[in-house]
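J.: Dropping the structure in here first, questions after.
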Amino acid sequence: MTSAALAERTRLHERWVREWLRGQAAAGLLEYDGEGRFSLSPIAALVLANEQSPAFAAAAFATLPQQIAVLEPLRDSFVTGIGLTYDALGPEGAERASLLERVARRELAPHACARALLAQAAGRAAGGS
């Protein structure tokens, strides 16, 4: 994608988009394909663009301001021993928790079930019930 195409799509100033794309490419987050074109590598796409990927992490970045805002109440939680409510995380916090729960269920639950079945089978093999 070119900076002009991305600027048009996002309704942002092309020069700023171009400089941002170049910075992301210099940092290795984007690929520079030549002739003013940029793309995500397959690995970066798994982390930043594919919501079905077990490595998807873009939602965490989308709510970064809210995460930073919760640092002071979080410190207070450690002092008082009283935890944070979902309400303290704002609507984005609930959305982030929901996304993480979906990823955990999709990716971790099958492994936990397999471990439980293996443990059960090992117990039977050792003469357990």
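J.: For the structure I just gave you, tell me whether residue 16 is farther than 30 Å from residue 94 by Cβ, aromatic (Phe, Trp, Tyr), part of a helix (DSSP H, G or I) and modelled with pLDDT of 90 or more.
T.: Taking the combined requirement at face value, the residue satisfies it.
J.: Here is a list of conditions, (1) at positive phi; (2) surrounded by 12 or more Cβ atoms within 10 Å (Cβ to Cβ), and residue 53 meets all of them except one; can you say which number that is?
T.: (1)
J.: Another question, then. Specify which of the listed residues (93, 81) is surrounded by 14 or more Cβ atoms within 10 Å (Cβ to Cβ) and outside the structural domain of residue 5 (by TED's automatic domain parsing).
T.: The match here is 93.
J.: In this structure, does residue 75 turn out to be more than 26 Å from residue 102 (Cα to Cα), of a type in the set (Lys, Arg), assigned by TED's automatic domain parsing to the domain that holds residue 105 and part of a helix (DSSP H, G or I)?
T.: yes
J.: Also, quick follow-up: Please verify whether the stretch 21-32 includes one or more residues that are of a type in the set (D, E, K, R) and assigned to a helix (DSSP H, G or I).
T.: Yes, because at least one residue in the stretch 21-32 is of a type in the set (D, E, K, R) and assigned to a helix (DSSP H, G or I).
J.: Out of 60, 109, 45, report the one residue that is touching a Ser or Thr at 6+ places or on another chain (Cβ under 9 Å) and either modelled with pLDDT under 75 or under 30 Å from residue 32 (Cβ atoms) (or both).
T.: Selected residue: 45, the only one of 60, 109, 45 that is touching a Ser or Thr at 6+ places or on another chain (Cβ under 9 Å) and either modelled with pLDDT under 75 or under 30 Å from residue 32 (Cβ atoms) (or both).
The values are calculated or read from the model by the stated rules, or taken from the named source; none is laboratory data. These figures come from a predicted structure and were not determined experimentally. Note that each Cβ is placed from the backbone with ideal geometry, even for glycine, and that neighbours are counted across all protein chains shown.
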